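Peer 1: One structure follows; several queries about it will come next.
The values are calculated or read from the model by the stated rules, or taken from the named source; none is laboratory data. Note that the coordinates shown come from a computational prediction; the quantities given were computed from them, not determined experimentally. Quick reminder, even Gly has a Cβ in these numbers, built from the backbone with ideal geometry, and neighbours come from all protein chains shown.
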Amino acid sequence: MTAVMELSNALAGAVARASGSVFAVHGRRRLPSTGVQWRAGLVVTANHTVEPDREVTLTAPDGRTLSARVAGRDPGLDIAVLRAEGDTVPAADVADDGDLRVGHLVLALGVGPRASAGIISALDVRGGRQPAGEVLAVDLTLYPGFSGGPLIDVRGRVVGITTSGVSRHLQCAIRAGAVGRLVEQVVRGGRIPRAYLGVGTQAVELPEPLRDRLSLAQRTAVIVLNIKSDGPAAAAGVVIGDLIVSIDGHAITEPEDLVAVLRPDRVGQVVAMSILRGGEPRELRVTVGERPQRA
Amino acid sequence: MSVLSAPEALPPHLAEVADRLRQVTVEIYSTRGCAAGILWAPDLIVTNAHVARGPRVLVRLADERRVEADLVTADRRVDLAVLRMPRCEVAPAALADSDAVRVGALVVALGHPLGLRRTLTAGVVHAIAPALPGGRRWIQADVRLAPGNSGGPLADTAGQVIGINTMIAGGLALAIPINDVRRFVASTLATVT
């Protein structure tokens with residue numbers, strides 16, 4: 001048997017092994033997406049494929065239908081954690097993602113099983129948004145319905161969760177380590193906390209002379225348009241009209257950057273917020289709050 | 001782990017697979033351009049019905065010989081056709097058991113995409129399922145095809161043919177499983193001769 005035949009058998013074996021933990025997730029009107037049993041009772045999928053306030057059902061690999069509810073969401077990483085009812089399927093074999101290298105052969109899986117193959121093309125997609133090291137770029141095709149499914153290595157171990165929801169241009173996967181941390185939060189606290197500043201913002205262009213004077217590379221920042229008087233930003237002294245330029249050194253160029261920087265694990269932590277007030281830079285220390293739960 | 005170390009110890013052999021497939025993949029010319037066919041027996045070619053239009057077509061073999069082939073049968077519904085040509089001295093295609101094909105397995109396609117003769121593309125088996133609910137079963141492959149691949153082989157890493165590339169849908173290659181082709185050819189030859 002040639003090396004390439006062995007490799008082919010290994011890939012098919014990896015698909016067979018991993019697909020036992022893969023669910024169809026019915027959380028939106030059109031096409032179902034894909035989910036992975038991460039540990040007993042908890043299924044991970046792509047957040048953008050689970051519509052708000054909707055009954056979610058899962059189809060197990062053996063065809064059983066299970067009901068599920070959203071236990072936590074992280075829109076910044078496009079991950080939702082679902083709590084499934086009834087006995088589910090074996091949990092996925094999650095790889096230690098420290099072993100991943102650019103060029104490694106990987107497969108993306110959908111329900112069926114369906115497979116698509118390619119390589120890791122980058123380990124660290126910042127794109128200005130995602131925190132360092134949490135998003136992988138992959139050189140493979142994510143077919144319709146693949147979002148939320150596993151990215152597996154040649155041994156069938158899960159190295160990430162694929163999603164077409166975090167980048168407009170790249171095919172991406174959220175690294176297993178980052179997904180595991182979110183699942184851990186659900187296990188410990190029953191939910192994924194959502195960071196909260198209590199501000200409403202909009203992007204504004206920074207005037208050229210101001211950028212020159214303060215040596216700012218970014219072209220835009222966000223302006224505070226409204227503020228919750230009992231919120232964390234108000235408590236730190238932020239007022240309407242302040243421009244938020246960066247948080248802990250991460251440039252804030254549009255409101256979505258706030259979501260990306262204020263990860264669930266920042267709740268309760270103090271961050272350094274650089275603002276401009278009347279054209280003058282200031283540094284404020286803000287204790288990140290947790291978004292009040294919806295009634 | 002043998003899977004990871006083996007390719008470094010031994011060079012991968014897709015090149016050999018490609019050479020073997022090139023010997024058994026023919027070019028079939030029609031007014032609509034060049035498509036592919038598989039050398040099934042020393043005097044038989046199997047291709048898609050949408051490739052073999054007309055009672056007689058021009059065929060170019062791998063050794064550049066040009067021959068004329070006569071249509072034995074064409075079934076537009078299953079999109080398969082059998083052509084007979086003068087005997088050639090080339091060993092016909094080796095066929096796999098398409099029921100044993102697994103999702104994720106490495107596969108290669110040989111054909112003439114956009115007229116680029118004898119071009120190899122590679123990928124994995126995506127699914128073995130109907131493209132639409134209730135439809136026929138296809139071997140769906142995550143392999144890049146283009147017009148000109150029609151009628152050509154989808155093969156495994158041993159160079160054995162697992163299907164006939166027939167359609168492109170949503171970026172996927174759709175191939176007729178070779179076991180279905182075997183049954184079609186057997187029943188055709190039984191009724192014709």
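Peer 1: Filter the range B:95-143 for residues that are within 12 Å of chain A (Cβ to nearest Cβ) and polar (S, T, N, Q) and give the result.
Peer 2: B:Q140 - this is the single residue of the range B:95-143 that is within 12 Å of chain A (Cβ to nearest Cβ) and polar (S, T, N, Q).
Peer 1: When the residues of the range B:15-32 are narrowed to those that are part of a helix (DSSP H, G or I) and out of contact with any Gly (no Cβ under 8 Å at 6 or more places or on another chain), which ends up nearest to the other protein chains (Cβ to nearest Cβ)?
Peer 2: Taking the candidates together, the pick is B:A15.
Peer 1: Just give me the residues in the range B:141-180 being in contact with a strand residue (DSSP E or B) (Cβ under 6 Å, 6 or more places away or on another chain) and β-branched (V, I, T), in sequence order.
Peer 2: B:V143, B:T157, B:V161, B:I162, B:I164, B:T166, B:I176, B:I178
Peer 1: Does any residue of the range A:64-73 turn out to be surrounded by 17 or more Cβ atoms within 10 Å (Cβ to Cβ), under 20 Å from A:E134 (Cα atoms) and not assigned by TED's automatic domain parsing to the domain that holds A:V135?
Peer 2: yes
Peer 1: Right, next: When only residues in the range A:166-176 that are away from chain B (no Cβ under 13 Å) and crowded, with 19+ Cβ neighbours inside 10 Å count, which is modelled with the lowest pLDDT?
Peer 2: If we filter the range A:166-176 for residues that are away from chain B (no Cβ under 13 Å), which is where we start, we get A:166-170, A:172-176.
After this cut, where a residue has to be crowded, with 19+ Cβ neighbours inside 10 Å as well, the list is A:166, A:172-176.
Working: A:V166: 82, A:C172: 93, A:A173: 95, A:I174: 95, A:R175: 94, A:A176: 95.
This residue is A:V166.
Peer 1: Quick check, is A:T141 among the β-branched types (V, I, T), surrounded by fewer than 24 Cβ atoms within 10 Å (Cβ to Cβ), away from every other protein chain (no Cβ under 14 Å) and in contact with a strand residue (DSSP E or B) (Cβ under 7 Å, 6 or more places away or on another chain)?
Peer 2: Details: among the β-branched types (V, I, T): yes; surrounded by fewer than 24 Cβ atoms within 10 Å (Cβ to Cβ): yes; away from every other protein chain (no Cβ under 14 Å): no; in contact with a strand residue (DSSP E or B) (Cβ under 7 Å, 6 or more places away or on another chain): yes.
Considered against the rule, which asks whether it is among the β-branched types (V, I, T), surrounded by fewer than 24 Cβ atoms within 10 Å (Cβ to Cβ), away from every other protein chain (no Cβ under 14 Å) and in contact with a strand residue (DSSP E or B) (Cβ under 7 Å, 6 or more places away or on another chain), A:T141 comes out as no.
Conditions tested, residue by residue: (1) at pLDDT 90 or above; (2) surrounded by 19 or more Cβ atoms within 10 Å (Cβ to Cβ); (3) over 16 Å from A:V15 (Cβ atoms).
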| residue | (1), (2), (3) |
| --- | --- |
| A:V102 | yes, no, yes |
| A:V106 | yes, yes, no |
| A:G112 | yes, yes, no |
| A:S121 | yes, no, yes |
| A:V125 | no, yes, yes |
| A:S147 | yes, yes, yes |
| A:T163 | yes, yes, yes |
| A:A178 | yes, yes, yes |
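Peer 1: Right, another one. Mind listing whichever residues of the range A:13-31 are farther than 14 Å from A:A68 by Cα and surrounded by fewer than 21 Cβ atoms within 10 Å (Cβ to Cβ)? Walk me through how you get there before you give the answer.
Peer 2: Residues of the range A:13-31 that are farther than 14 Å from A:A68 by Cα, as a first pass: A:13-22, A:29-31.
Scanning the range A:13-31 gives A:G13, A:A16, A:R17, A:G20, A:R29, A:R30, A:L31.
Peer 1: All but one of (1) assigned to a loop (DSSP other than H, G, I, E, B); (2) over 20 Å from A:A24 (Cβ atoms) hold for A:G86, so report the exception by its number.
Peer 2: (2)
Peer 1: Select from the range B:147-168 the residues that are closer than 18 Å to B:V26 by Cβ and away from every other protein chain (no Cβ under 14 Å) and list them in ascending order.
Peer 2: Just the residues of the range B:147-168 that are closer than 18 Å to B:V26 by Cβ, to begin with: B:147-155, B:159-161, B:163-166.
If the condition is that a residue be closer than 18 Å to B:V26 by Cβ and away from every other protein chain (no Cβ under 14 Å), then B:P147, B:G148, B:N149, B:S150, B:G151, B:G152, B:P153, B:V161, B:G163, B:I164, B:N165, B:T166 are the ones that fit.
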